[in-house]
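Each value in this text was obtained by applying a stated rule to the coordinates, not by laboratory testing. Every value quoted in this text rests on a predicted model; they were computed, and no experiment measured them. Cβ coordinates were reconstructed from backbone atoms using ideal geometry, including for glycine residues, and neighbour counts include every protein chain displayed.
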Amino acid sequence: MNVQKERRLGGTNFGYLNACTLAESLDHLASCGVTEIELGLAAPHFDLHTATAADFAGLRKQLARLGMRCTSVNTAELNLISQSEAVSRLALAQCSALIRAAAELGAPIAVVVPGRQHPLRPTPEAIALERFARQIDALLGVAGAAGVSIALETVPFGFLQTAGALAAWIDQAAHPSLSMVVDCANVFMHEDPVAALRAAGPRMSICHVSDAWKSRWAHTSIGSGEIDFAAIAHTLDGMQFAGPTIYELMDADDPRPRMARDLGRLESIGWRCAFAQALPAGPAQPTGNDIQQKETNQ
């Protein structure tokens, strides 16, 4: 019998930032079956610059109690390519703190946003690339000392925003501790998520999913937008992707009434929060529109 490796499905607290506390968000995600978490270490949930050893110990204790594994950490991004030296230093300090937090929490990967271009006054590409290379070189030094890897995330901010551009930069950097995150909702306005996944190929360590529209950037509920999750699932299977897929529900509304339902919709096409070694190959997978119509009991 042919078997299909189950796709690992995890969650994040990012969408809960202003809905409840970090502890409450983790309790809720665990109640929905989430066992892998990408921690969003951002205020008001967690302040990277004031966190104490006791804060990290308490977070580790809660994760252990819930049976959760921290796969990666992320934070509210600052602009690494800013031409303001004060902003540039602050961004470097924030990312450095994120990397050290990953080590404290036993997470192997720190997710870093490459940079942000202002649409009216973008930094010239050559200058932006030079500044970025310098910042990443410094961060790789921090990561090496901490025993953590860096994954660069695709973002629609005008700088290395396509998966192909980011993959090419990573290839040129040729550093063993660099990988990438393809955020399917982030790329959707600029490229087909399937094409982005294929461009990333073996460089990808994490996949982010949520729904969005071609004309509107979003991280909303599965089935509310236009993304074809069945096509994403099929592509990940074809790539034999073994990393986690992190569901990011971040749309300014409280995620708690929708989280279990949304995770159930993803599980209906082969992702698993509590995953096993192998799963028998199922029937043809539904399209994104089919998912929207499907009700679950979760």
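Classify segment 3-293 as rounded, prolate or oblate from the Cα gyration tensor: take a ≥ b ≥ c as the square roots of its eigenvalues, call it rounded if a/c is under 1.5, otherwise prolate when a/b beats b/c and oblate if not.
oblate
Which one of PHE14, PRO44, THR71 has its Cα pushed farthest toward the positive end of the charge dipole of segment 5-110, where Lys and Arg give +1 and Asp and Glu give -1 at the Cβ?
It is THR71.
What does the net charge come to around ARG198 if you take all other residues with beta carbon closer than 14 Å to its beta carbon, with K and R at +1 and D and E at -1?
Net charge in that neighbourhood comes out at -2.
Per residue of segment 147-160, what does 6.51 cos²θ - 1.76 cosθ + 1.60 with θ = phi - 60° give for ³J(HN,Hα)? Whole Hz please, x for Gly and Pro, Karplus curve as stated.
x, 10, 9, 10, 10, 8, 9, 5, 9, x, 10, x, 10, 6
Pick out, from ASN186, ALA167, PRO255, the residue whose Cα sits farthest towards the positive end of the charge dipole of the chain, with +1 on the Cβ of Lys and Arg and -1 on the Cβ of Asp and Glu.
Final value for the positive-end residue is ALA167.
Provide the gained length on full extension for the span TRP217 to MET189, in nm with one decimal, where the gain is 0.36 nm per separating residue minus the Cα-Cα distance.
In short, 9.4 nm is gained.
Taking a label point 7 Å from the Cα of ALA76 along the Cα→Cβ vector, which residues of segment 31-64 have an amide N closer than 18 Å to it?
Within reach of a label on ALA76: 39-52.
Using a 7 Å offset from Cα along Cα-Cβ at GLU130, what residues in segment 81-100 end up with backbone N under 19 Å from the label point?
Label zone hits: 81-89.
Only bridges with both residues in the chain count here: give the DSSP antiparallel percent, nearest 5.
Close to 10 percent.
Mind checking which helices in the chain clear 18 Å along their axis (Cα) and have mean Kyte-Doolittle hydropathy of -1.0 or more, DSSP H runs only?
Length and hydropathy pass: 53-66, 85-105, 125-146.
Highest first, please rank the peptides 28-41, 81-94, 255-268 by the mean number of other Cβ atoms sitting within 10 Å of their residues.
28-41, 255-268, 81-94
Taking 8 Å as the Cα distance limit and 6 or more residues as the minimum spacing, I'd like the relative contact order of the chain as a percentage.
For the chain, the relative contact order is 22 percent.
Segment 126-148 to segment 218-266: how many Å between their Cα centroids?
About 30 Å separates the Cα centre of segment 126-148 from the one of segment 218-266.
Round to the nearest 0.05 the FRET efficiency obtained for LEU90 and GLN240 when R0 = 25 Å and r is the Cβ-Cβ distance.
Computed FRET efficiency for LEU90 and GLN240: 0.05.
R0 = 22 Å: FRET efficiency of ASP47 with ALA252, Cβ-based, nearest 0.05?
FRET efficiency, ASP47 to ALA252: 0.55.
What size of dipole, in debye to the nearest 20, comes out for the chain about its Cα centre when the only charges are +1 on Lys and Arg C-beta atoms and -1 on Asp and Glu C-beta atoms?
Using Cβ point charges on Lys, Arg, Asp and Glu, the chain gives about 420 debye.
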